[in-house]
Structures are given as structure tokens and as C-alpha cells.
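Reading through the C-alpha cells given below for one structure.
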Amino acid sequence: MPRWGMIIDLAKCTACQACVVACQTENNIPCVEPEEAALGRILSWLSVLPEVRGEYPRVSMRLLPLPCLHCDSPPCIRVCPVQATGITPEGVVRQTFARCIGCRYCTNACPYTRRAFNWYRPEFPGELEQALNPDVSVRPKGVVEKCTLCHHRLIGAREQARKEGRRLAEGDYLPACVEICPAGAMYFGDLDDSSSTVAELARSPRAFRYLEELGTEPKVIYLAEGEWGGGEGKQQ
């Protein structure tokens, strides 16, 4: 059984936000108007956030692509009263939208703020409705949304491998953000396969987990660049 994980090389990332747009399009995430964005009601499942180190005037900053980190010990699961969120045998922290009652306990429990609450019925005016991905549901208002590592793509890749009479191979299944990255800064695969690219990069001396001291054991691992050399810092 694979244990899916992601590596993000910050030395390669240009913060172009192509991954953000790919995630938005792939998962039928509606756009939020400026007025709602000003209230913090942004629906983006993946954001590029600034992380700073030091005190003025000696301050340095880097931009951190931050999806759901798909923790091995996720606090969001422990607080959900209706089991709308859980973890699959392959390590993907899932979200069952049909079960969600919108209490947002999971949103408060996530230290990475990687969950979004859908305040209004999503609208896709005009041509945007024709561009919706038929493999992903359009969520009703009042539910919590999050990254699922494009789980629908895994289902399709697994079915294709079954038809061809073979096992799922590295590269058969990639989330939209990984596939679109123009700098090749994102890697995806089985962390438990010692021969995989992600497992090899996870053993790099540059590898760190964001806010690792919280004990959530994220499966999204970063490779530090330059003077940073680790995961300290604070999210803005």
C-alpha cells in the first residue's frame, strides 16, 4: 500500500502561483469577490504564503506554497463530530462533503489554516460553468473544503493500471499542482518506496517539515534553500 507524499523544493520555486490556478481549475473552486476576500472568506485550497525570519532590520523572507499537508497525525480528524474528515489507508486526509455539517471544528484545529468554509452557493457564470471538471463535485454552501491531492486522479490512474494488468507506477498519478509546475519544484509519489524520487528527496539534508514541532507529521516535505536551512519562521 503506497503512502502518498509531496516534496516542494523552495530553491526551484519561483512563486509564480501556477499551482494555485491549476488547483482552482481542477477542483471546481469558485472565485471569491473582493468584498468576501477582505473578510477572509477565500476558498483557495492552495496558497503561496510569506514566511519571515529575523527581527528588523535583519529580516529575510521566502514564499511557501502551502497545500493541505496531509498529516500522519492530523488534529482535524480528532475534532470532527460527524466523521466528515478522515485519513485513507494511503495517507490522504479526505473530506466527505456530503457528511460535513459546517461546524468548522476542523478549521480551528488545523494549525496550517489549510481548510476553507464555503459561505455561499457557488456560482460559475457563463462560460465558466462549461469549464467545470466533471470528475469533481460542486460543493453546496455551508461545507468545509480542502485539498485532497486530486484524489479523483488517483482513482482514474488506478483503474487504467488495472485495465492494463499492471501495478500503479511512479508518475501514473500526479496532482494538478505538481503536473503544472513550470519550474519542476514539486515532486509526488510513494514515501514508503525507498526507490522513489520523493523518498530519496525526503532523506536530503535540506528536507524539513513545516512547523514540525507540533507533532502533526506532515507528508508534504520542503527542501530548504540558501541561508534558511530549516523550518523555523512564522506564518504571516
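Readers should treat all values here as calculations from the given coordinates under stated rules, not as data from a laboratory. Only a predicted model underlies this, so the values are computations on that prediction, with no experimental measurement involved. We place every Cβ from the backbone using ideal geometry, glycine too, and count neighbours over all the protein chains shown.
Scanning the stretch 36-47 for residues that are surrounded by fewer than 16 Cβ atoms within 10 Å (Cβ to Cβ) and on the phi < 0 side of the Ramachandran plot yields GLU36, ALA37, ALA38, LEU39, ARG41, ILE42. For MET61, the test of being touching a Lys or Arg at 6+ places or on another chain (Cβ under 9 Å), closer than 29 Å to TYR105 by Cβ and among the hydrophobic types (A, V, I, L, M, F, W, C) is failed. Checked against (1) of a type in the set (S, T, N, Q); (2) under 14 Å from the mean Cα position of the chain (by Cα); (3) surrounded by fewer than 18 Cβ atoms within 10 Å (Cβ to Cβ), SER204 passes all but condition (2). Residues that are touching an Asp or Glu at 6+ places or on another chain (Cβ under 7 Å) and charged (D, E, K, R) do not occur anywhere in the stretch 40-47.
Select from the stretch 43-57 the residues that are over 15 Å from the mean Cα position of the chain (by Cα) and farther than 30 Å from ASP192 by Cα and list them in ascending order. Correct list: PRO50, VAL52, ARG53, GLY54, GLU55, TYR56, PRO57. Restricting to the stretch 170-196, and then to whatever is of a type in the set (Ser, Thr, Tyr) and surrounded by fewer than 21 Cβ atoms within 10 Å (Cβ to Cβ), can you tell me which residue is farthest from GLU90 (Cα to Cα)? For the stretch 170-196, the residue satisfying everything is SER195.
Within the stretch 101-124, is there a residue that is of a type in the set (Val, Ile, Thr) and under 30 Å from GLU213 (Cα atoms)? Yes - at least one qualifying residue is present in the stretch 101-124. Somewhere in the stretch 56-68, is a residue surrounded by 15 or more Cβ atoms within 10 Å (Cβ to Cβ), assigned to a loop (DSSP other than H, G, I, E, B) and charged (D, E, K, R)? No, the stretch 56-68 contains no residue that is surrounded by 15 or more Cβ atoms within 10 Å (Cβ to Cβ), assigned to a loop (DSSP other than H, G, I, E, B) and charged (D, E, K, R). In the stretch 207-220, the residues that are in contact (Cβ under 8 Å) with a residue 40 or more places away in the chain and more than 18 Å from CYS147 (Cβ to Cβ) reach residues that are surrounded by fewer than 19 Cβ atoms within 10 Å (Cβ to Cβ) and polar (S, T, N, Q) with C-beta atoms within less than 8 angstrom, at least six apart or across chains, in these pairs: GLY215/SER73.
The helices (runs of 4 or more DSSP H) found entirely in the stretch 102-176 that carry 3 or more residues being hydrophobic (A, V, I, L, M, F, W, C) and either over 14 Å from CYS23 (Cβ atoms) or touching a helix residue (DSSP H, G or I) at 6+ places or on another chain (Cβ under 7 Å) (or both) are 151-163. All told, ALA109 falls short of being out of contact with any strand residue (DSSP E or B) (no Cβ under 7 Å at 6 or more places or on another chain) and buried (at least 18 other Cβ atoms within 10 Å of the Cβ). Taking residues in the stretch 109-129 that are under 27 Å from ILE221 (Cβ atoms), and partners anywhere that are charged (D, E, K, R), the pairs with Cβ atoms closer than 6 Å and at least 6 places apart or on different chains are ARG115/LYS146; ALA116/GLU145. Among the residues of the stretch 69-101 satisfying the criterion of being assigned to a loop (DSSP other than H, G, I, E, B) and small (Gly, Ala, Ser), which is nearest to the chain's Cα centre (by Cα)? For the stretch 69-101, the residue satisfying everything is GLY91. The single condition among (1) part of a loop (DSSP other than H, G, I, E, B); (2) surrounded by fewer than 18 Cβ atoms within 10 Å (Cβ to Cβ); (3) aliphatic (A, V, I, L, M); (4) in contact (Cβ under 8 Å) with a residue 60 or more places away in the chain that ALA15 does not meet is (4).
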